[in-house]
1. Filter the stretch 177-198 down to the residues that are modelled with pLDDT of 95 or more and out of contact with any helix residue (DSSP H, G or I) (no Cβ under 9 Å at 6 or more places or on another chain), then identify the one that is nearest to residue 263 (Cα to Cα).
2. Considering the stretch 219-247 alone, what residues qualify as being touching a residue at least 40 places away in the same chain (Cβ under 8 Å) and crowded, with 23+ Cβ neighbours inside 10 Å?
3. For a quick check of your reading of the model, give me the residue pairs whose first member lies in the stretch 395-415 and is among the charged types (D, E, K, R), whose second is modelled with pLDDT under 95 and part of a loop (DSSP other than H, G, I, E, B), with beta-carbon atoms closer than 9 Å and at least 6 apart or on different chains.
4. Looking only at the stretch 158-176, filter to residues that are surrounded by fewer than 18 Cβ atoms within 10 Å (Cβ to Cβ) and farther than 16 Å from residue 215 by Cα; which one of those is modelled with the lowest pLDDT?
5. Output the number of the condition that residue 83 fails; it satisfies all remaining conditions of (1) touching a residue at least 24 places away in the same chain (Cβ under 8 Å); (2) in contact with an Asp or Glu (Cβ under 9 Å, 6 or more places away or on another chain).
6. Identify, from the list 341, 354, the residue that is of a type in the set (Gly, Ala, Ser), in a loop (DSSP other than H, G, I, E, B) and over 20 Å from residue 420 (Cα atoms).
7. Kindly provide the set of residues from the stretch 339-361 that are surrounded by fewer than 18 Cβ atoms within 10 Å (Cβ to Cβ) and under 21 Å from residue 241 (Cα atoms), ordered by number.
8. Of all residues in the stretch 375-400, which are within 30 Å of the chain's Cα centre (by Cα) and within 17 Å of residue 350 (Cα to Cα)?
Amino acid sequence: MAGCNLNEFPAFLEKLDSLAELDLSHNSLSGYIPEWFLGSRLQTLSYLNLSGNSLMGFPRDLSYYNSSQLESIDLRFNKLRGSLPLPSRQPPIYLVSNNMLSGEIPPEICGTDGNFFSVLDLSKNNFTGELPQCFGQLNWNLDVLALHSNNFRGRIPSFCSSGGSYHTPKMIDLSDNQFEGPLPRSLSNCSSITFLNVGNNKINDSFPSWLGSLPNLGVLILRSNYFHGGIEEPESGSVFPQLQIIDISFNYFQGSLPASYFQYWRYMEEYGHENTNYLSAYMFGPWVVANDYPIYDFSMTIINKGVEMEYRKILGYFKVLDLSSNNFTGNIPGSISSLHGLHLLNISNNLLTGSIPPSLGALTRLEALDLSRNDLSGEIPQQLTELKSISLLNVSYNNLSGPIPKGNQFDTFPNNSYWGNPRLCGDPLSRKCGSSMLLSPPSQKDEGPDAQFEVEWKAVAAGYAVTFVMGIVIGHKMITKHASWFAKTFGLRQLMRRR
């Protein structure tokens, strides 16, 4: 009965005593879920999907109603208000994201019998306070924990603290909150984890090299925190063996780029176009086969050039390396060219020196390369014309010189790809090689080039994101939370050098 434009719960449902599965998603249901429905049907249902309506809540605490048979309840994309509604028995799958729920998460969420959800999605609400410490003390059956886009604070619980070989989560997303302190070292026990996102918090720690032993970790997002210090050379050759997406942008890392890591990230070396599946976790239950709803898709947000893009699905072969907006120094290591499978490479807004390695031309899958706002010098290597898949190149605001290469994609890049390099010459710049004309780059505050780059980044991302949200990230939240981010984004490099 999904998508049938219903504006009330059908009365005949009260008489269906054997009803086990019900899908009323994407209708026009509003107000409170009726008492008669909760009293008569919740006790028989194993699967209930009410997502995509305008429901506001329950007439009394959800725990009042018998839900002993419930395996999955989906309340996403409604208008639920108040505190988190907890069923009398915790269903394996509980989805309440994209509502207006608030308050703290009660300790009762952990139950009394040691059982826990296998999929728990509380994301995109208004929850506050600290997470119950019992989160780190359970022998979970958890596969997916999505708590992003709330106002949680305090330290991250010690997930997987018991060690051993018990079931560990595949996905943890704590991004866009107010978590602080270091990452719990117990995360190194989460041997099954494939996706870890703690971006946009207040985490203060060094680079978590100790996560490198996790055999399945494919996505690691640390962006927009207070990570700091240098990235030390790995102690062994087997570190992050399955890593395909790493985003450590908008932090305080310094020192040389981690050249040895690039040599050991074997999965990024593979082209991987045969893997067209989306990154996800299976959600098991007796209703799976009948409803063709077996997976929970992972999602992420990447920020580039002030553009926020939400990838609600991530293709299995999509590979990203974002080290931008830190304080890295030294040369770009040639070992980065061994990552043949990369699609996006962003090392902009650092303090890098030396020349652009010609070996970057070997990254033939690359679709976006951003080296802007560094202190790179020398000529743009002719070998970069071999990047036939690239749709965005940005080398602006460096100290590059000589002629701009010609051929292939280089004939399509706009002149703002090269601004801020007064000794560069050739098309598309107004200064032709051999001419005495001086290039006068527009002000960095000019909205024209930024807007053009936003469109180009959008085009790069469209091939991989089923849908994305685009915005200029200069809002109050980011300014107050990460003042240094604001400074970096607008090119105030002197502030970075004083840190």
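1. 198
2. Scanning the stretch 219-247 gives 219, 221, 223, 224, 244, 245, 247.
3. 406/426; 406/427; 411/427; 411/428
4. As a first pass, look at the stretch 158-176 and keep what is surrounded by fewer than 18 Cβ atoms within 10 Å (Cβ to Cβ): 158, 161-167.
Filter once more, keeping what is farther than 16 Å from residue 215 by Cα: 158, 161-162.
Numbers: 158: 88, 161: 78, 162: 66.
The extreme case among them is 162.
5. (1)
6. 341
7. Answer for the stretch 339-361, where residues must be surrounded by fewer than 18 Cβ atoms within 10 Å (Cβ to Cβ) and under 21 Å from residue 241 (Cα atoms): just 340.
8. Within the stretch 375-400, 375, 376, 393, 394, 395, 396, 397, 398 qualify.
The values are calculated or read from the model by the stated rules, or taken from the named source; none is laboratory data. Every value quoted in this text rests on a predicted model; they were computed, and no experiment measured them. Using ideal geometry, Cβ is built from the backbone for each residue, glycine included, and neighbour counts are taken over all protein chains shown.
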